[in-house]
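Before anything else, here's the structure in question.
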Amino acid sequence: MEAGTATCRKCKSPMQIEPLSGVAGEEGGVKVAFLKLPALACAQGHRRFVRPEFPGQLLDRLMAVTQVPAAEARGMVFKSYHCGKCGEKLGGAAATPKAFEFELAVAGVDPFRVALTVPVHKCASCSHEQVRSQAEVTEKTPAAMAHAFKAAGIPPG
């Protein structure tokens, strides 16, 4: 879709690509913040994705570049988590949020930055910081993104 050729579905005004700042959402301790997220916007403030497949492409790109260090889960029934660097069992200390920033490039729009904030645990033995489970981060990221889009006034679809 070329910029300037989109029409608002609500008011029929022309729409242009506009970078949105401060778009963020959180789910279960996983927070996704988009810095200058490209979206279509009209003069009346209505917004939508630059194209229908954009959120799926965005999630795919984010999951492909996310290199958050993760602990190793051990045990089949009762899981315990061990440091991904030294192998020591992670203690029960509370996790602290830590942001990891990435630049994403999605076809048809300028690259933009994403901050993924996740709860990290610090190994008492080697001080390595890591998430308890990469699967938990992967599971909660789509919902965090959906909350961000809703907060920014971008309807689904």
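Since every read-out is calculated from the coordinates, none of them should be taken as a lab result. Keep in mind it's a predicted model, so treat the numbers as computed, not measured. Positions of Cβ are generated from backbone atoms using ideal geometry, with glycine treated the same way; all protein chains shown enter the neighbour counts.
Would you grab the residues whose amide H sits under 5 Å from the one on VAL23? Only those 5+ places off in sequence or on another chain, please, with H modelled 1.01 Å from N.
It is PHE34, LYS36, LEU37, by chain and number.
List the residues, sorted by chain then number, that are 5 or more residues from PHE100 or on another chain and whose placed amide H is less than 5 Å from its amide H.
Under 5 Å from the amide H of PHE100 lie the amide H atoms of LEU116, THR117, VAL118, each far enough along the sequence or on another chain.
Quick check: the angle from helix 54-65's long axis to the longest principal axis of the chain, C-alpha only, nearest 10 degrees?
Approximately 30 degrees, to the nearest 10.
Angle check, please: helix 134-151 long axis (alpha carbons) against the longest principal axis of the chain (alpha carbons), in degrees 0 to 90, nearest 10.
30 degrees
Going by average Cβ density within 10 Å per residue, which order do the peptides 125-135, 92-102 take, highest to lowest? Write out the running numbers ahead of the final one.
On the way: 125-135: 16.1, 92-102: 11.9.
Answer by packing, highest mean first, reads 125-135, 92-102.
Would you grab the residues whose amide H sits under 5 Å from the one on SER133? Only those 5+ places off in sequence or on another chain, please, with H modelled 1.01 Å from N.
ALA71
Can you tell me the dipole magnitude for the chain around its Cα centre, using point charges on the Cβ only (Lys, Arg +1; Asp, Glu -1), in Debye to the nearest 20? Don't skip to the answer; put the middle values down first.
Numbers: 19 positive and 14 negative charges, 68 e Å.
Dipole size: approximately 320 debye.
Which option, (i) 0.97; (ii) 0.93; (iii) 1.09, is the value of Rg/Rh (Cα atoms, Kirkwood Rh) that was calculated from these coordinates?
Of the labelled values, this structure produces (iii).
Only helical DSSP H runs with n ≥ 4 go in: add -39500 (n - 2.57) per run for the chain, normalise by residue count and round the 222 nm mean residue ellipticity to 500 deg cm²/dmol. Working shown, then result.
On the way: 2 runs with 30 residues, N = 157.
Helices in the chain give a 222 nm mean residue ellipticity of -6500 deg cm²/dmol.
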